[in-house]
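The values are calculated or read from the model by the stated rules, or taken from the named source; none is laboratory data. Keep in mind that what you see is a predicted model, and the values were worked out from it rather than measured. Methodologically, a virtual Cβ is constructed for each residue, glycine included, from the backbone with ideal geometry; neighbour enumeration extends over all protein chains shown.
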Ligand SMILES: Cc1ncc(COP(=O)(O)O)c(C=O)c1O
C-alpha cells in the first residue's frame, strides 16, 4: 500500500557546504513532484499507521511520526534548519526559550548535581537556577563571567557550565574556548544560551567547543515579535562517560542503548515527550520563516546598533554605554574573537531619569522583548530583572539608570532623532 504519511524532510540535517544564508532558506524542505516550495504546516495531533506491526515498531523506537507531542513534520523541518545553522547534530524545538533552558539543564543534571553559571544571565534563566531547580535538588553557583571565577566555582558534582554568548543585558562575552576546556577537564559539559548569537549568524558556540546551545527562538529567529519558541541543539564531541545519568544501568544505560544520540534523545524525551513543552506546528512554521530573513535583519540591526552605541557614547547626558562592538567595552577583544557579521542588536545605556526618558520616546516602544523588527526598550531594574535581589541585578550589569534597547529595522536617522528628543 502507498505510504501517504507526510514525509519527514529528506534534506541532510547538516549540509556543511552551504553558507548560513543558503541553509536558512533551503534546509528542511524535501525536493520532488508535488512538494511545497516552502515548509508546509502539518496541523495534526496524531499520524496513522497502516498496520499494528508498524505502530508497535514506532512505539518501540520513538523515531518517526505517531503523536504530535513527540514529533511533527513542520517542527522537524524547523529543527533540521536550526541544526544546520548552528553546525550541530540534532535539535529539539520546544514551546519557549525557558522550556529549552530547563530541558538542557535537566538533560545532564539530577538531584545532587550542580551547575556553574555566569551571573549576567537573563533573569528567567537565573530564576530557574536559583528558585526552580533547587526544588529538584539541583544547586547552582552564579559567578563572574570569567574562566577564573567559573573554574573556582566548580564542585565535584558540577555537571554543567552555563553562559550566554552575549550576557543579557550586560553585553559581556564569555571566553568560549577556555570555558569548554575547563568544563571538559572537569567531566562536565558546556551549555551556551546562544539567543543573542542569532541561531549561528553572529556566533556558533559549538565550533568553539560548547556541547549544546539553546535559543529563545522568540527573539531573532521569529524576528517579528509574533511567536514564542525555543530550541536545544547538541554538537558532536560531548563526553557523557563521567555522568551517571548516562552510564548507570549497565547494558541498558542510556549511553549504551542510544550511543552518539544519547544526549539529543534524552532532551527530546524530557522536553517534548515527558514534560510536554512541545512547539506547535503553526509556531514552527512562523519560526522557520523568520529564519529565512534572519541574516538580513540581524546584519542590518547590528550595523544600526553599533552606530547608535557610538552616538550615545558621545552624548553628555548619557552615562555608561555597554555594547560589545565598542572599543570601550571590556569584552570587545573577546567579541572580536567569537562574533562575526556584527556585534548584535542589543545595547544598554544609562540615563539620569529613566521614567522621563521613556515617556518622551515617539518611535521606540517600551516592551520586554528582543529581536523584533521594531526597536524596543525596557528598564531592567524594575521589570525584567525586578524580582532579583539588588546584588544579583548589579552582578547582571543592571543599575537603576540602565535602559536596554533591542534595535529594530527603522532608519538610523529616525532612531537617533527619537533618542535625542527623549534625552532632552
Ligand atoms: C537570553 C535569553 N534566554 C532565554 C529567554 C527565555 O525565552 P522565552 O521568553 O522564549 O521563554 C530569554 C527571554 O528574554 C532571553 O533573553
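Can we say residue 221 is assigned to a helix (DSSP H, G or I), touching a strand residue (DSSP E or B) at 6+ places or on another chain (Cβ under 9 Å) and touching a residue at least 60 places away in the same chain (Cβ under 8 Å)?
no
Being more than 14 Å from residue 284 (Cα to Cα), surrounded by 15 or more Cβ atoms within 10 Å (Cβ to Cβ) and in contact (Cβ under 8 Å) with a residue 40 or more places away in the chain is a condition met by at least one residue of region 58-65. Of all residues in region 145-161, those that are within 22 Å of residue 106 (Cα to Cα) and either within 11 Å of the ligand (Cβ to nearest atom) or assigned to a helix (DSSP H, G or I) (or both) total 3.
Selection of region 95-136 for residues being more than 16 Å from the chain's Cα centre (by Cα) and not in a helix (DSSP H, G or I) yields 109, 110, 111, 112, 113, 114, 115, 116, 119. Checked across region 181-188, the condition of being away from the ligand (no atom under 15 Å from the Cβ), touching a residue at least 40 places away in the same chain (Cβ under 8 Å) and on the phi > 0 side of the Ramachandran plot holds for at least one residue. Scanning region 173-193 turns up no residue that is at pLDDT below 95, over 29 Å from residue 378 (Cα atoms) and surrounded by fewer than 24 Cβ atoms within 10 Å (Cβ to Cβ). Just one of the listed residues (408, 344, 397, 371) is part of a loop (DSSP other than H, G, I, E, B), farther than 23 Å from residue 118 by Cα, within 16 Å of the ligand (Cβ to nearest atom) and touching a residue at least 12 places away in the same chain (Cβ under 8 Å), and it is 408. Any residue in region 114-132 that is at pLDDT 95 or above, over 22 Å from residue 219 (Cβ atoms), assigned by TED's automatic domain parsing to the domain that holds residue 245 and crowded, with 22+ Cβ neighbours inside 10 Å? Yes, that holds for at least one residue.
Scanning region 70-94 for residues that are part of a loop (DSSP other than H, G, I, E, B) and at pLDDT 95 or above gives 72, 87, 88, 89.
Scan region 41-53 residue by residue and report those that are free of Cβ contacts under 8 Å to residues at least 40 places away in the same chain, surrounded by 10 or more Cβ atoms within 10 Å (Cβ to Cβ) and assigned to a loop (DSSP other than H, G, I, E, B). Of everything in region 41-53, just one residue is free of Cβ contacts under 8 Å to residues at least 40 places away in the same chain, surrounded by 10 or more Cβ atoms within 10 Å (Cβ to Cβ) and assigned to a loop (DSSP other than H, G, I, E, B), namely 49. How many residues, within region 189-203, are within 15 Å of the ligand (Cβ to nearest atom) and either over 23 Å from residue 24 (Cβ atoms) or in contact with a strand residue (DSSP E or B) (Cβ under 7 Å, 6 or more places away or on another chain) (or both)? Within region 189-203, residues that are within 15 Å of the ligand (Cβ to nearest atom) and either over 23 Å from residue 24 (Cβ atoms) or in contact with a strand residue (DSSP E or B) (Cβ under 7 Å, 6 or more places away or on another chain) (or both) number 7.
Within region 377-393, none of the residues are in contact with a strand residue (DSSP E or B) (Cβ under 6 Å, 6 or more places away or on another chain) and under 14 Å from residue 172 (Cα atoms).
When the residues of region 224-256 are filtered to those that are within 13 Å of the ligand (Cβ to nearest atom) and either surrounded by 24 or more Cβ atoms within 10 Å (Cβ to Cβ) or outside any loop (DSSP other than H, G, I, E, B) (or both), which remaining residue is farthest from the chain's Cα centre (by Cα)? Of everything passing the filter in region 224-256, 229 is farthest from the chain's Cα centre (by Cα). Identify all residues within region 258-281 that are in contact with a helix residue (DSSP H, G or I) (Cβ under 8 Å, 6 or more places away or on another chain), part of a helix (DSSP H, G or I) and surrounded by fewer than 21 Cβ atoms within 10 Å (Cβ to Cβ); write none if there are none. Hits for region 258-281 are 258, 270.
Looking only at region 336-355, count how many residues are closer than 13 Å to residue 400 by Cα and either loosely packed, with under 14 Cβ neighbours inside 10 Å or touching a helix residue (DSSP H, G or I) at 6+ places or on another chain (Cβ under 6 Å) (or both).
So the count comes out to 5.
Among the criteria (1) surrounded by 17 or more Cβ atoms within 10 Å (Cβ to Cβ); (2) at pLDDT 95 or above; (3) touching a helix residue (DSSP H, G or I) at 6+ places or on another chain (Cβ under 8 Å), the one residue 373 does not fulfil is (1).
Only one of 295, 305 is outside any strand (DSSP E or B), under 22 Å from the mean Cα position of the chain (by Cα), touching a residue at least 60 places away in the same chain (Cβ under 8 Å) and closer than 18 Å to residue 416 by Cβ; which? Result of the check over 295, 305: 305.
From the set of residues in region 83-96 that are crowded, with 24+ Cβ neighbours inside 10 Å and within 16 Å of the ligand (Cβ to nearest atom), which is nearest to residue 203 (Cα to Cα)? In this case the residue turns out to be 86.
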